[in-house]
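First the structure, in the form of structure tokens, and then the observations on it.
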Amino acid sequence: MKPPVRVTPPRAAVVWNGLIEEYRQWLPVTKATPVVTLMEGATPLIPAPRLSKWVGGGVSLYLKYEGLNPTGSFKDRGMTLAISKAKEEGAHAVVCASTGNTAASAAAYAARAGLACTILIPKGEVALGKLAQALMHGAKVLQIRGGFDEALTVVRELGRSYAVTIVNSTNPYRIEGQKTGSFEISDALGRAPAFHAIPVGNAGNITAYWKGYKEYRTAGKISALPRMLGFQAAGAAPIVEGRPVKAPRTIATAIRIGNPASWRGAEAAREESGGVIRAVTDAQILEAYRALARLEGVFCEPASAAGVAGVRTLAKAGYFRGVRDRTVACILTGHGLKDPNTAIEQFERILTADPTVDAVASVLKLTKR
Ligand code: F0G
């Protein structure tokens, strides 16, 4: 029994002025807030019938393609608000620790706002596209000889002692902005999905989505809440293991985090919704990453595929058996072009030929008419 579905938020086709204008009444802004926007939000919710079959378990997957935000990730939802509020409060400089996407987003929004931006990233562990973005937008980029967790510890200390505003998701405005993702999904479906699948790194996004769904239900915009299904990479799964991971490892560098700042928020989302937080291996992540691109034409970065990988693992284990509504919204957090190296590494070789018809036909093994 499939409900009618709108695949974009209601007013997107008419006019879209960014998510602060669209969801103003739900956000801590006033007329005095200088809105810094790149027209983020209004990302499509894409039905994925072929991928649903691949995942199994009778699920109907919808892909919330957050890679289509202005800087290519969901971070823009939180950043439009965090930077607007920083400007309102008279800040001159913002700072963040990042596995790459927060950095790219902070750098872009700070540039637009005319604020200085400093980012701390783990040396050698940030995908190429993200680094390119941060540099291009004029951020001061500092590579830390350490991981994300250590970089965030330093940033928090900087925020206490120096005149800089932190724009990590420890900044409550980031969570407020990001909760609009649940509004868009609910507006598109006309209800909440039965399940909400999402990768978990620093755990801000799962916290934000859960907050958004709860607010929409309290306001009577939706009548039921989804079960929250969070997925960490197996080598970086502190919430699953119940203790911080000292040296987190995963190919999904975006979620290579051993001690998430919003740990409790993620646990609350899981417990209150009757959901789960599980681990998926790098092999499972890459399998889902390729399947998304090949079966649906949707290119996301490796970390983003963790949600789809996780739903497949749950389906195989019979998690959805006996469940009537198997609608799953999967949050594809970042664009595939962020990390071209991992994409190309999926292929052993690329065919090569001399520029003649004979050579090309021969390499392609074409048959003559
Ligand atoms: N997916 C992508 C593509 C990310 O960049 C992140 C986090 C996550 C998922 C996890 O979201 O942290 O809210 O649980 N990236 C942060 C960054 C840590 O610095 O860009 P989370």
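The values are calculated or read from the model by the stated rules, or taken from the named source; none is laboratory data. This one's a predicted model, so the numbers in the text were calculated from it and none came from an experiment. Positions of Cβ are generated from backbone atoms using ideal geometry, with glycine treated the same way; all protein chains shown enter the neighbour counts.
It is to be established whether one or more residues within segment 146-153 are outside any helix (DSSP H, G or I) and either among the polar types (S, T, N, Q) or free of Cβ contacts under 8 Å to residues at least 40 places away in the same chain (or both). Yes: one or more hits.
Among the residues that make up segment 282-292, is at least one of them surrounded by 19 or more Cβ atoms within 10 Å (Cβ to Cβ), of a type in the set (A, V, I, L, M, F, W, C), within 24 Å of Pro238 (Cβ to Cβ) and in contact with a Cys (Cβ under 6 Å, 6 or more places away or on another chain)? The answer is no, given that none of the residues of segment 282-292 is surrounded by 19 or more Cβ atoms within 10 Å (Cβ to Cβ), of a type in the set (A, V, I, L, M, F, W, C), within 24 Å of Pro238 (Cβ to Cβ) and in contact with a Cys (Cβ under 6 Å, 6 or more places away or on another chain). Being modelled with pLDDT under 95 and more than 15 Å from the ligand (Cβ to nearest atom) is true of Arg349. Out of Ala194, Ala127, one residue alone is farther than 26 Å from Leu27 by Cβ, in contact with an Asp or Glu (Cβ under 6 Å, 6 or more places away or on another chain) and within 10 Å of the ligand (Cβ to nearest atom). It is Ala127. Screening Asn69 on (1) within 13 Å of the ligand (Cβ to nearest atom); (2) without any contact (Cβ under 8 Å) to a residue 40 or more places away in the chain; (3) farther than 30 Å from Lys31 by Cβ shows it passes everything except condition (3).
The set of residues in segment 157-172 being within 14 Å of the ligand (Cβ to nearest atom) and either among the aromatic types (Phe, Trp, Tyr) or farther than 12 Å from Ser98 by Cβ (or both) consists of Thr170, Asn171, Pro172.
Here Gly235 fits the description: more than 14 Å from the ligand (Cβ to nearest atom), within 18 Å of Pro122 (Cα to Cα) and over 15 Å from the mean Cα position of the chain (by Cα). The condition of being under 11 Å from the mean Cα position of the chain (by Cα) and either more than 16 Å from the ligand (Cβ to nearest atom) or over 24 Å from Ile251 (Cβ atoms) (or both) holds for only one of Gly201, Gly181, that being Gly181. Of the listed requirements (1) under 22 Å from Gly181 (Cα atoms); (2) more than 14 Å from the chain's Cα centre (by Cα), Ala104 misses just one: (2). Among the residues of segment 293-314, those that are touching a residue at least 40 places away in the same chain (Cβ under 8 Å), over 19 Å from Ala233 (Cβ atoms) and away from the ligand (no atom under 16 Å from the Cβ) comprise Leu295, Glu296.
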